[in-house]
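Peer 1: Submitted below is the structure of interest, expressed as structure tokens.
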Amino acid sequence: MRRSLILAGLLVFGFPGLALAAEAPAGGSLVGPYSVLVAGFAMAFAAGLCALGQGRAVASAVDAMARQPGAAARIQTAMIIGLALIESLAIYVLVVAMILLFVQPIK
Amino acid sequence: MEIIEHPPIFRLPGIPDHVTYTWVVMLILTAIAFAASRNVRLVPRGLQNVLEVVIEQFLQLIDDVIGHEGRRYLPLIATLGLFILFGNLMGLVPGLSGPTTNLNTTAACALVTFFAYHYIGLRKQGAVTYLKHFMGPVPALAPLMVPIELISHLARPLSLTLRLFGNMTGGHILLAIIFFLMGLDGLIGWALGGSPAGVIVGGIGGLVMVAFTVGFLYPLKILVSFLQAFIFVMLTMLYIAAAVEEGEHHGAQRRAEHH
């Protein structure tokens, strides 16, 4: 299992190098193709983990609202603020991914 | 960003798009405010009624978060909220560009918030009392607390900036990529090409895609626009509330009495 995972990882992360090895000019770097790959993977990890965190937060908030419907408005406000703060972490990753894709500070 | 997103139709030469559309948002807001307040009546009608509802919502939020004395900060909070809301919504109009999809606009808003809440805190509590908050509850912990507090305060404008910018720009890129993946250009071109099969397939396909966009993605983006404006305003109010609070103990007590 672990060996096949390592193999798959090597294949995935080594692929742009293999695919572009023929085309890369002398002195050309592989940072460009790798950064595209990294941007996509970073966003995937960030979105998945952010969804886990937000799911926990929303679950607790809905639980609390069901127990105490009178406080629903205040709980909802607190939940939305919390969700915004959790989501901002994924947004940071999105910004980094966009910098990698569009600005390309390192070629 | 021009790779995937079409530049807006109306552009002023030599002036960046986000500045142009910031002026457009300012013009719209000023025009609405002028039209509503030109003829103020005791029993409001039409536009004045709408704006009074909006202001009352803001006031209620301020009462909930800061307390009754927070009403004097209504101009700052409501202006930020309405500007960000209209900026977000303007990005959804085809052919226009939203000012909040640019990092500079959101950074300007966040810096206004940053300086405003520090100024309010300094004015309200005096420099010594306000700066004492940075040292934490126990003087012995000051060497530890001061760097932590400084970093947390400096991270606030950064996170405000990036949250608004990232949400708006991410939504735009999503929209652009879905248009690109759907091949909407191709479908419409096919429909306009003239051949019968092209008209049927391209026309129906294009209509389905447009219906999907208008029916699903646009409501989602409108929701996100309102939510992000709300969150920006809410965090601004929380920062102001933290700045005007007279220390932990009193603040908690006052809040308990208030509710």
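Peer 1: Report, in degrees rounded to the nearest 10, the 0 to 90 angle that the Cα long axis of helix B:74-90 makes with the longest principal axis of chain B.
Peer 2: That helix lies at roughly 20 degrees to the long axis.
Peer 1: For the pair residue A:74/residue B:142, report the inter-label distance in nm, with labels modelled 7 Å from Cα in the Cβ direction.
Peer 2: In this crude spin-label approximation the distance works out to 3.6 nm.
Peer 1: Please compute the Kirkwood hydrodynamic radius over chain B, one decimal place, Å, based on all pairs of different Cα atoms.
Peer 2: Numbers: mean 1/r = 0.0466 Å⁻¹.
About 21.4 Å for chain B.
Peer 1: Decide, for segment B:45-89, between rounded, prolate and oblate: order the square roots of the alpha carbon gyration tensor eigenvalues as a ≥ b ≥ c, take rounded if a/c falls under 1.5, and otherwise choose prolate if a/b is larger than b/c, else oblate.
Peer 2: Note, shape of segment B:45-89 comes out oblate.
Peer 1: Determine, from the Cβ-Cβ distance of residue B:158 and residue B:27 and an R0 of 45 Å, the FRET efficiency 1/(1 + (r/R0)^6), rounded to the nearest 0.05. Each step should come with its number before you reach the end.
Peer 2: Details: r = 30 Å, r/R0 = 0.67.
Step by step, r from the Cβ atoms, then E = 0.90.
Peer 1: Estimate the FRET efficiency between residue A:102 and residue A:56 by the formula 1/(1 + (r/R0)^6), using the beta-carbon distance for r and 45 Å for R0, to the nearest 0.05.
Peer 2: Efficiency computed from Cβ-Cβ geometry: 0.85.
Peer 1: Another question, then. Less than 24 Å apart at the alpha-carbon level, and either on another chain or at least 8 residues along: which lysines does that give for residue B:132?
Peer 2: Residue B:132 reaches B:124.
Peer 1: With an 8 Å cut-off on Cα pairs and a minimum separation of 6 or more residues, tell me the relative contact order of chain B in percent. Intermediate values should be presented prior to the final figure.
Peer 2: Numbers: 213 pairs, mean separation 64.9, N = 259.
Worked out over chain B, it gives 25 percent.
Peer 1: Can you give the average number of partner chain beta-carbon atoms within 10 Å of each beta-carbon in peptide A:88-94, as a whole number? Write down the numbers at each step before the final one.
Peer 2: Values: counts 9, 2, 2, 9, 5, 1, 7.
For peptide A:88-94, the averaged partner shielding equals 5.
Peer 1: How crowded by other chains is A:74-87, given as the mean number of beta carbons from other chains within 10 Å of each beta carbon? Don't skip to the end; give the middle numbers.
Peer 2: Numbers: counts 2, 0, 0, 5, 0, 0, 4, 6, 0, 2, 11, 4, 0, 5.
Shielding by partners across A:74-87 averages 3.
Peer 1: Using the Karplus curve 6.51 cos²θ - 1.76 cosθ + 1.60 with θ = phi - 60°, what ³J(HN,Hα) values do you get for each residue of segment B:151-158, in whole Hz, with x for Gly and Pro?
Peer 2: 5, 5, 6, 6, 6, 4, x, 4
Peer 1: Pick out, from B:197, A:42, B:229, the residue whose Cα sits farthest towards the positive end of the charge dipole of the protein assembly as shown, with +1 on the Cβ of Lys and Arg and -1 on the Cβ of Asp and Glu.
Peer 2: Comparing the listed Cα positions along the dipole, B:229 ranks first.
Taken together, the values in this text are just the output of simple stated rules run on the coordinates, not laboratory data. None of these values were measured; they are calculated from a predicted model. Glycine gets a Cβ as well: all are built from the backbone with ideal geometry, and neighbour counts include every protein chain shown.
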